[in-house]
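Below is one structure; the comments refer to it alone.
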Amino acid sequence: MSTQPSVYIVYAMMQQDRLESVRQNIMRVLPFVDAAVIVDNGSTDGTREWLRQQEKVVLVERVWNDSFVEGRNAYLRTIDGLAVGHPGATVFCTADDDELYSDTLLQHLRSLAGEVYLDDINFLRIRVKDTETDWNGDVLRSQIGDWYKPLIYVWEPGIRYVGVNNSEVH
């Protein structure tokens with residue numbers, strides 16, 4: 001049995017004007033990660049102010065320019081800076097503000113991240129619960145989806161989202 005490597009886990013999200021869903025999401029995930037990089041695309045609802053008060057949160061403020069790829073690359077550039085200061089592996093986990101990791105996934109995130117790294121896997125797809133919310137964070141519908149979304153990645157220097165498909169990482 002191999003020894004679990006030292007893994008630095010960064011949670012990454014891009015959002016705008018979704019204070020309640022961001023608060024719910026961040027409060028759930030922060031105990032299980034080493035840092036959270038949140039890209040805010042110009043919130044005016046108090047989200048930025050709340051995020052600035054949270055320990056372990058690195059807030060990236062930008063103006064929305066209709067590009068999901070550029071917004072997500074803003075958190076990857078920030079992770080570049082965080083990762084170089086930590087020995088061992090860096091793994092980053094992504095989600096939209098209305099995507100909540102299950103309790104089971106969160107409880108096993110560190111060991112799962114270590115396994116992904118040790119097994120030389122670039123990313124891991126997770127079967128997701130598809131939850132649609134309104135702008136206030138109220139759930140409109142929620143069900144286990146039929147597809148697996150890439151959510152956990154091993155960080156490499158210069159890794160970036162490309163193209164129009166904002167889940168394609170190179």
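The values are calculated or read from the model by the stated rules, or taken from the named source; none is laboratory data. Remember, it's a predicted structure, so these values are computed and weren't measured experimentally. Note: ideal-geometry Cβ built from the backbone for every residue, glycine included; neighbour counts use all protein chains shown. The area values use the complete protein model at the heavy-atom level, side chains included, leaving out ligands, DNA and RNA. Shrake-Rupley method; radii C 1.70, N 1.55, O 1.52, S 1.80 Å.
Is one or more of the residues making up the stretch 17-26 β-branched (Val, Ile, Thr) and either open to solvent by 20 Å² or more (accessible area, probe 1.4 Å) or not in a helix (DSSP H, G or I) (or both)?
Scanning the stretch 17-26, I find no residue that is β-branched (Val, Ile, Thr) and either open to solvent by 20 Å² or more (accessible area, probe 1.4 Å) or not in a helix (DSSP H, G or I) (or both), so the answer is no.
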What is the one condition in (1) farther than 20 Å from residue 132 by Cβ; (2) touching a residue at least 12 places away in the same chain (Cβ under 8 Å); (3) not aromatic (Phe, Trp, Tyr) that residue 85 does not satisfy? (2)
Kindly check whether there is at least one residue in the stretch 49-68 that is closer than 22 Å to residue 150 by Cα and assigned to a helix (DSSP H, G or I). yes
Check 99, 55, 70 and return the single one that is under 27 Å from residue 127 (Cβ atoms) and either open to solvent by 30 Å² or more (accessible area, probe 1.4 Å) or of a type in the set (Ser, Thr, Tyr) (or both). 99
Got at least one residue in the stretch 90-97 being without any contact (Cβ under 8 Å) to a residue 24 or more places away in the chain and at negative phi? no
Exactly one of these conditions fails for residue 46: (1) under 16 Å from the mean Cα position of the chain (by Cα); (2) of a type outside the set (D, E, K, R); (3) open to solvent by less than 30 Å² (accessible area, probe 1.4 Å); (4) modelled with pLDDT of 95 or more. Give me its number. (1)
Return the residues of the stretch 132-151 that are more than 20 Å from the chain's Cα centre (by Cα), of a type in the set (A, V, I, L, M) and either surrounded by 11 or more Cβ atoms within 10 Å (Cβ to Cβ) or part of a loop (DSSP other than H, G, I, E, B) (or both); say none if nothing qualifies. 139
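Considering only residues that are within 21 Å of residue 15 (Cα to Cα) and either under 15 Å from the mean Cα position of the chain (by Cα) or open to solvent by less than 80 Å² (accessible area, probe 1.4 Å) (or both), which ones fall in the stretch 116-130?
Result: 126, 128, 130.
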So, of the residues in the stretch 96-115 that are of a type in the set (A, V, I, L, M, F, W, C) and modelled with pLDDT of 90 or more, which turns out to be farthest from the chain's Cα centre (by Cα)? 112
Pairs needed: first member in the stretch 16-35, more than 16 Å from residue 94 (Cβ to Cβ) and without any contact (Cβ under 8 Å) to a residue 24 or more places away in the chain; second member anywhere, of a type in the set (A, V, I, L, M) and surrounded by 19 or more Cβ atoms within 10 Å (Cβ to Cβ); C-beta distance under 6 Å; at least 6 residues apart or different chains. none
